[in-house]
Amino acid sequence: MDFGIVLQTDPPAREVVRLMKAAEDQGFRYGWTFDSCVLWQEPFVIYSQILAATSSMIVGPMVTSPATRDWSVMASTFATLNDMYGNRTICGIGRGDSAHRVVGKPPSTLATLRECMHTVKELAEGREVTMNDKAVRIPWIRDGRLEMWMAGYGPKALKMVGEHADGFILQCADPAIARWTIGSVREAARAAGRDPRGITICLAAPAYVGEDLPHQREQLRWFGGMVGNHVADLVSRYGDSGPVPHELTDYIRERQGYDYAHHGKAGNPSTDFVPDEIVDRFCLLGPASAHVDRLEELKELGVDQFSLYLMHDDREQTLAAYGEQVVSKLG
């Protein structure tokens, strides 16, 4: 199993770079960041510094979206970083949540997301595409490579992952939800004539190593609120008795609203509706041995990479514990 770290690009940027370097030293192969350039600093600027400070870490957004940048700009940015540092970038992408909503935009449609993934990948790898009825190719790219890993929860999104994406990002560590989503992706891949094993499965969730479970829950409750934003869209589309597992939908009944000013942060006041049970199921808590047990279960379900969100008050200890007691066993 590969391991990654997910950070917000809060200033100062040098702290983000330092933590990424520390993660690589602990055996983490992937470095991801949020991508909401109003809420945090612009990640693609910081990626250049992360790539320069690390030797082999693969870097990218978890996740970007079709509506935040012109697609040719996005492709050229990835391709430039790859040319400088040796094909060490990756594109995690979804319909758009915080980056869209804070500037008054709705999430992109799945059709737009599919077109964006195709266009950005083709351009970043040096092939020609049609944009606005014009043939476009980036002429200086040689041997470019950019994998597109798509995030999603709903049936239509999972079908699109299986049909078009290089990887699947599930932002939740619940085994029941992982089983359903991974199964849906693989079924769609088979139906499309693709090899399901060719789609990398990445599971991302907060992790906190320690013994004080009540404190850990309070520090990670924000994640249930973040996932709830996506789930609320699914419930509005499919209803609470639709095909989406009840493990993913039941808990949002008490959800009142959401303030993106506290998005992804410990103590988020918009997440009071998230019960302890959801925190325990969606996140990884407790001693390192409990993390190993859950990750072994997820690995059996087909998870290829676990990327941990490191937004809580004991980041250094959790990072070190993972390097010494988790990555060394499962990596």
Highest GNM mean-square fluctuation among Trp149, Trp40, Trp140, for the chain with Cα springs under 10 Å, belongs to Trp140
For the stretch 8-110: accessible area per residue (Å², 1.4 Å)
37 Å²
Over what distance in Å are the Cα centres of the stretch 111-188 and the stretch 1-22 separated?
24 Å
Using the Kirkwood formula on the Cα atoms of the stretch 94-215, what hydrodynamic radius do you get, in angstrom to one decimal?
16.3 Å
Rounded if a/c is under 1.5, else prolate if a/b is larger than b/c, else oblate: which is the stretch 112-155, with a ≥ b ≥ c the root eigenvalues of its Cα gyration tensor?
oblate
Of the residues Met84, Thr318, Cys202, the Cα lying farthest along the dipole of the chain towards its positive end, which is defined by charges on the beta carbon of Lys, Arg, Asp and Glu, belongs to Met84
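Taking only the alpha-carbon atoms of the chain, what semi-axes of the equivalent ellipsoid follow from 5 times the gyration tensor eigenvalues under a square root, in whole Å, largest first?
Over the Cα atoms of the chain, the semi-axes work out to 29, 24, 20 Å.
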Compute a Gaussian network model of the chain, connecting alpha carbons closer than 10 Å, and tell me which residue from Arg114, Arg101, Arg217 fluctuates the most.
Arg101
Which of the peptides 244-251, 220-227, 197-204 is most tightly packed, and how do the rest follow, judged by the mean count of other Cβ atoms within 10 Å per residue?
220-227, 197-204, 244-251
For Tyr309, other-chain or 5+-apart residues with amide H closer than 5 Å (H placed, Pro excluded) are Val6, Ala205, Ala207
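Per-residue ellipticity at 222 nm for the chain, helices alone: DSSP H runs ≥ 4 residues times -39500 (n - 2.57), over residue total, nearest 500 deg cm²/dmol?
Theoretical 222 nm ellipticity from helices: -13500 deg cm²/dmol.
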Across the stretch 292-309, in residue order, what do the Karplus-derived ³J(HN,Hα) couplings come to in whole Hz, using 6.51 cos²θ - 1.76 cosθ + 1.60 with θ = phi - 60° and x for Gly and Pro?
4, 4, 5, 5, 5, 5, 5, 4, 5, 7, x, 6, 8, 9, 10, 10, 9, 6
Dipole magnitude (debye, nearest 20) for the chain, charges at Cβ of Lys, Arg, Asp, Glu
1040 debye
Using the Kirkwood radius over Cα pairs, work out the Stokes-Einstein diffusion coefficient for the stretch 1-68 at 37 °C and 0.692 mPa s, in µm²/s as a whole number.
277 µm²/s
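So, with a 1.4 angstrom probe, what is the percent of accessible area on the chain that is carbon and sulfur?
47 percent
The values are calculated or read from the model by the stated rules, or taken from the named source; none is laboratory data. None of the values given here were measured: they were computed from a predicted structure. Glycine gets a Cβ as well: all are built from the backbone with ideal geometry, and neighbour counts include every protein chain shown. The area values use the complete protein model at the heavy-atom level, side chains included, leaving out ligands, DNA and RNA. Shrake-Rupley method; radii C 1.70, N 1.55, O 1.52, S 1.80 Å.
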